[in-house]
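Derivation of every value follows stated rules applied to the coordinates shown; laboratory data play no part. Because the structure is predicted, anything quoted here is derived from the model rather than measured. Ideal geometry is used to build each Cβ from the backbone, glycine not excepted, and the neighbour counts take in all protein chains shown.
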Amino acid sequence: MTTQGKRLKNIRTMLNLTQEEMGSKLGISKQFYSNIETDRTLLNNEKLVLLYKDYNVNLNYLVMGDGQMFNTKTKPKEDVILKRIKEVLKQEGAI
């Protein structure tokens, strides 16, 4: 089973971005971003929402490893996204 960091790296690679570019788009340093890919830390809700909104990333894939890497359906409202993120994080025992 892959980790969130490995799944994030797969997403970044599919988007053809460097760690520095992805970090910049998320408003974090390359080093902090690298720590996420190597599972030293996790993405916070704000960064998850950015990935969803800017790149149509499937949050179930990123957080849980379920489904496809990118969404193909219409994006739900941001408050619905945040609610779903919290549910998934609780299921994983992260919060």
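Assorted remarks:
- Estimated FRET transfer efficiency when R0 is 25 angstrom, pair residue 87-residue 10 (beta carbons, to 0.05): 0.60
- Extension gain (nm, one decimal) between residue 32 and residue 45, 0.36 nm per residue minus Cα-Cα: 3.1 nm
- Point-to-point label distance, residue 54-residue 66, nm (Cα→Cβ direction, 7 Å offset): 2.7 nm
- Subset of 47/90; 30/83; 9/30; 25/86 violating a 21 Å alpha-carbon distance limit: 30/83; 25/86
- Taking the C-alpha atoms only, the angle from helix 4-14 to the longest principal axis of the chain is near 70 degrees.
- Near residue 70, the amide H atoms lying under 5 Å from its own belong to 58; only residues 5 or more places off or on other chains count, and H is placed 1.01 Å from N.
- Rounded to 10°, Cα long-axis angle of helix 78-91 versus longest principal axis of the chain: 80 degrees
- Dividing the summed -39500 (n - 2.57) terms of all DSSP H runs of n ≥ 4 by the residue count of the chain sets its mean residue ellipticity at 222 nm at -16500 deg cm²/dmol.
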